[in-house]
Amino acid sequence: MSKKWYEALDQEDVIFLHQLAQADFKLSKLSDETGMSYFVLKKRMQKLKLALSQKSPGDSDFKSYLDFLVEQRILPQLIAKVLYQKHLEGLD
C-alpha cells in the first residue's frame, strides 16, 4: 500500500497547514495573525510543497482526504474545492 500524501507531513507541517486554512490560505493574513514575517511563511510554504511533491499519491487519495476533511468539518467545502482544483492544475 502506498503512503498517503498527508503521511509525508510532520506535526509542524500539519499545524502550519491548519493555520493557513484558518487564514484563508493568504500568507499576508497569516503573517498579521501570527506575527511571523511573510518571507518566513513563504519559506515554510515551499517546505510544505516540497514534502508533498516528493510523496505525491494518486488523485483519488487526495480527493478522498479532502472529502474526509470536509465531512469532519475540519476544512470548509469551498476551500477543499479550491485545493482540489489547484491540485488538478498542478498535475498538468
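The values are calculated or read from the model by the stated rules, or taken from the named source; none is laboratory data. Because the structure is a prediction, the values reported are computed rather than measured. Ideal geometry is used to build each Cβ from the backbone, glycine not excepted, and the neighbour counts take in all protein chains shown.
Does the stretch 32-41 hold any residues that are loosely packed, with under 12 Cβ neighbours inside 10 Å and either in contact with a helix residue (DSSP H, G or I) (Cβ under 8 Å, 6 or more places away or on another chain) or not small (G, A, S) (or both), and which are they?
In the first step, residues of the stretch 32-41 are kept if they are loosely packed, with under 12 Cβ neighbours inside 10 Å; the result is 35, 37, 39.
S37, F39 - these are the residues of the stretch 32-41 that are loosely packed, with under 12 Cβ neighbours inside 10 Å and either in contact with a helix residue (DSSP H, G or I) (Cβ under 8 Å, 6 or more places away or on another chain) or not small (G, A, S) (or both).
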With criteria (1) out of contact with any Phe, Trp or Tyr (no Cβ under 7 Å at 6 or more places or on another chain); (2) loosely packed, with under 13 Cβ neighbours inside 10 Å; (3) more than 23 Å from S64 (Cα to Cα), S28 comes up short on (1)
Within the stretch 75-85, residues surrounded by 11 or more Cβ atoms within 10 Å (Cβ to Cβ) and either of a type in the set (K, R) or over 15 Å from H18 (Cα atoms) (or both) come out as K81, V82, Y84
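Is it fair to say Q72 is of a type outside the set (K, R), within 14 Å of the chain's Cα centre (by Cα) and at pLDDT 80 or above?
Values: of a type outside the set (K, R): yes; within 14 Å of the chain's Cα centre (by Cα): no; at pLDDT 80 or above: yes.
No: the conditions fail for Q72.
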Residue hits (the stretch 19-28; over 13 Å from V40 (Cβ atoms) and without any contact (Cβ under 8 Å) to a residue 12 or more places away in the chain) are Q22, A23, K26
Within the stretch 3-18, the residues that are without any contact (Cβ under 8 Å) to a residue 60 or more places away in the chain and among the basic types (K, R) are K3
